[in-house]
Structures are given as C-alpha cells and as structure tokens.
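Please read the structure below before turning to the comments.
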Amino acid sequence: MPLPTKTDLKTLIRPACDPIQHWKIDNVFADELSTYPAEIQENYVYNEETRTYTLMETEWLKWRRHGPYYMHPDDARYIDVTLGGSDIAVLFDGSELAESLYLYEGQHGSNFKASIELFYEKTGRKFRLVEKKNADVLWVGHNEEPSIRNLFKKKYSEEHPMDIVEVINDCHMYQCGARDHTGKLKHPYVLCDLDGIVKINGVTGVLECKTCNLGSEDYKIWKSGKVPLKYYLQCCWYMLCMNLPYAYICVKWGISPQECAYSYIERNFDVEDMIIDMAENFIQCVKTNTPPSLEGQNMDRLFVFWRKKMGNAATDVPPKELSSEYKETLLQLSYMNDEISSANKTSSQIKEQRNNLLTEKIFPVIGNANEARVSFDEKRDLVLHVRDNCFNHMKIDVDRIKAEDPDIYKMYLITKTEFDQKRFVKENPDLVDEYMIEDDTLTDGKLNFCDVKMQKKLKK
C-alpha cells in the first residue's frame, strides 16, 4: 500500500463525479491560448521570463465569484454563488461541523474573516473601512509553491524509496462534477485551483503547499504533528471538487529541507457532507439576502467586522443615547481602559475582554455615531468614543492618479504596485489637495481606540 491507510482508496472516489476542467490560470503556452475564445484570451498577460501567459488577477477574481462564464448570466454554466477552499474555512465557526471536529477544539476556521464578512463580499456590500492586505505574504506563498512541490517530492522519496512519486503543477480551474439523477450539477458552487497534484504508485491525490512563520500559532500546530484546521478544511474541499481520495499538505518555514513537514489527509464523506450542508446554508443566506448568524463566530474577527462596517468617525451624526442597561458595560470599559494603561503583563488579555464587550454590546447598537452616552447621575453622562479621535485622516488617491496621470504614477512607483506617497506629497504640494481623499483604511489605531469618560450632560 503506497499510502498510510488501510482503506481501499477506490471506495473514496464517487462514481461519475469527475471534475469539470476549465481553462488554465497560468503557465499557458501560446498554442494553448489560441484555442481559447477571444473574450477569454484578451484577459491573459504575457510573462517574458516564463514565455507563457497568465490570467490577470482582476479577471481571476471574477472567475472565483461566478465562474469563467461570469460575463454571460444567461449561460447555464454561469454560477450564481461560488465558494473556494479558503472560503469554506470561514464558515466553520458556529457550524454543526465545529461541534464534531473535537480534535480542533480551540481553533477557528479562519483568522482572516468571519462568515458575516464573507456574506458582505458575496452580496456586493461595501465596508466603510478597508482592511490592509499583507500582499508580501501572499506573494511569498505563491512564489514558494514550485519549491515546496519539489521539496515534498524529495522528502517523500527519501522516506519511501520504493514508491514511484510524481508531482504535477496543474494550473486549471476546476468545478465539482457531481450530478443528480436529472444530470444537473449537485454542487456547482464548488470551485478550486490547486497548488499541485500528486501521484503515488499511480494513485492520484491533491497536493497543497503552505508557508508559515517561525513561532506563529500555525507553526506550533505543524510542529505538534497536526494540520491547522483551516488547511484541513481546504483540503477536504479540494478532494470534494476533484473527487480524489486523499491529499498531502506540505508546509515550509525555512530554507533548509529539514525546515518543513508534510501530512496525509484522507477523504471523509461524513465530514464532507457536513461541509456541503455548511456551504449550502451560507449560499441560501446569500441568495435570500439574509445575514448569517453571529453565534459561535470568532470574536476577534467580529470585532474587526464591526469596525470595518462602522467606518471613520461621522462628526455630523448626533450622539447615540443608550438606555440604563448599558451603564454597567460602559463602566466596565472605563475600568478596562484604565487597566490597559497601567498594566503591561496582562494588557493583551484585558484588551481582548474589552474588544469582546464592544463587539457583543456596543457595536450592534450605536450605528454610525461617533460617541455613545448613558446617564450616570443627574448631572453627568458616561461617554464612549469608539473611533479614532483624530478626524483628519487623509491619503492620496493613488488609483485616480494611475487612471488620470499614468506618467506621474510610474514616476513614484517603488515596486510594481507600491506608490511612494511621501515623496509625491513632498515634491508636488500643488497637487496634494486635488488628489487627497479620506483614508478608509482600517488601521491599528482605529481598531484599538476606545475612550470612556465622565462628562457633563449635554444641554438640550
């Protein structure tokens, strides 16, 4: 048996469920591209280094949202709502599956967003604040994939010298091909594009490639011999989409071949069925425009969600008058702020408690108000400010400069995408006012600012 299992892997492949292969995303040669429809070809860019073509990221995002036929809503191949491997981990918290996977007790499905954030994304809603993206981390992860594929093959071959191992870089987008008795796709929303495919003694499986930082929570999980929950769910999704019986996931945290680990994951139909239920419940929320429940969600991500939703301070919105039931909450927040100011060892724990109070009690009721008040006594109110106390948060509209004056845009590029705002402001004072806009970036200051003070009652 080539794999660490006693299961007949043929029993983990559903009959007549081969995936639907869509067009390649990258590494497309010119003769391949010429066979694609003209409207598809025009969205690929040439890479001189590899001499191949790659789908533009903006176009790939559209594929991920409605499939490759997104431009034709009347086409039967158009997908109303899609979900990818990273999306499914977002839906884990608060689900039936969360109660079943006891091995992952204490882990959240995703550290990047809550299901309500994914709902906003899928329904086209906009946040007032935009979270900073760590593009460098994503870039490193993507560019390390070839080396991780090679590393996996090397380590596996060393540990299993009698096995025949083949690792394939498959660049296609796939869609789950399972059909009902009428021939209709059962799960058209299931999409994936893989880091790789592995064949061990002729048995095909999924290969997923990851990187992580030394000392991170993921690193600790990897070192314990387990797979982080979010990646386990991702592999389950890929096995469902590809109708494959197993997956290997390989992680790298350094440059040495010893600074990596790989784990075997076997397809589990019980887990898969719960994942499908989880996905379909969410899709129904999207189709009916019904926000998913906040019950059981990652509190850290809910805190971020509310701050993104509320946005920058709105100085023209009158204070929110709160009922007496919020008096104790504001007092608690006031005490916590004092403790945070004076405590060092326990500050992170107190911040977490404070943020949980804000998330559960305050954010859902104050809307877009800059402050909230609750009567303390006849003369005084407890006043809560939850926004950054500096209202003059401005930034340069880089996208507008790029569209209106591409020459100036290119002049101040540090990297391919990073614009040097400081140098632009210094050298072009006459253009600053023209291109200045309100900064809608969700900064650490906007996340952490919370001030509760005793003030005189407002004159009515």
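Tabulated values for the structure
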read-out	value
Contour minus Cα-Cα distance for LEU458 and SER224 (0.36 nm per residue)	78.5 nm
HN-Hα J in Hz across segment 325-339 - Karplus 6.51, -1.76, 1.60, θ = phi - 60°, x for Gly and Pro	5, 8, 4, 5, 5, 5, 4, 4, 5, 4, 4, 5, 4, 5, 5
Proximal aspartates and glutamates relative to LYS320, as straight alpha-carbon distance under 20 Å, when same-chain residues fewer than 8 apart are discounted	GLU328, GLU360, GLU371, ASP377, GLU378, ASP381, ASP388, ASP451
Shape box of segment 183-222 [Cα atoms, principal axes, largest first, Å]	49, 30, 15
If the convex hull is drawn through the Cα atoms of the chain, its volume per residue in Å³	208
P(r), alpha carbons of segment 394-438 - 5 Å bins starting at zero, rounded %	5, 23, 39, 26, 6, 0
Label-point gap, in nm, between GLN332 and ASN289 - each point 7 angstrom along Cα→Cβ	3.5
In nm, spacing of pseudo-spin labels at GLU325 and ASP18 (7 Å Cα→C-beta vector)	6.0
Karplus-derived HN-Hα couplings along segment 232-244 (A = 6.51, B = -1.76, C = 1.60, θ = phi - 60°), whole Hz, x at Gly and Pro	4, 5, 4, 5, 4, 5, 5, 5, 4, 4, 8, 6, 10
Relative contact order (%) - criterion: Cα under 8 Å, at least six apart; region: the chain	16
Cut-off under 5 Å, modelled amide H: who pairs with VAL28 long-range	TYR53
Residue-span extension gain [VAL203 to ILE414] - 0.36 nm each, minus C-alpha spacing	71.3 nm
Average projection area in nm² (convex hull over Cα atoms of segment 97-236, one quarter of hull surface)	12.3
Spin-label model distance (nm) - GLN41 vs THR441, 7 Å beyond Cα toward Cβ	4.1
Segment 426-433 - phi-based ³J(HN,Hα) in whole Hz, Karplus 6.51/-1.76/1.60, Gly and Pro as x	5, 8, 10, x, 6, 9, 4, 4
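Laboratory data are not the source of any read-out in this text; all were calculated from the coordinates shown. Here the structure is a predicted model, which is why all the values come from computation and not from measurement. Every residue, glycine among them, receives a Cβ derived from its backbone with ideal geometry; neighbour counts consider all protein chains shown.
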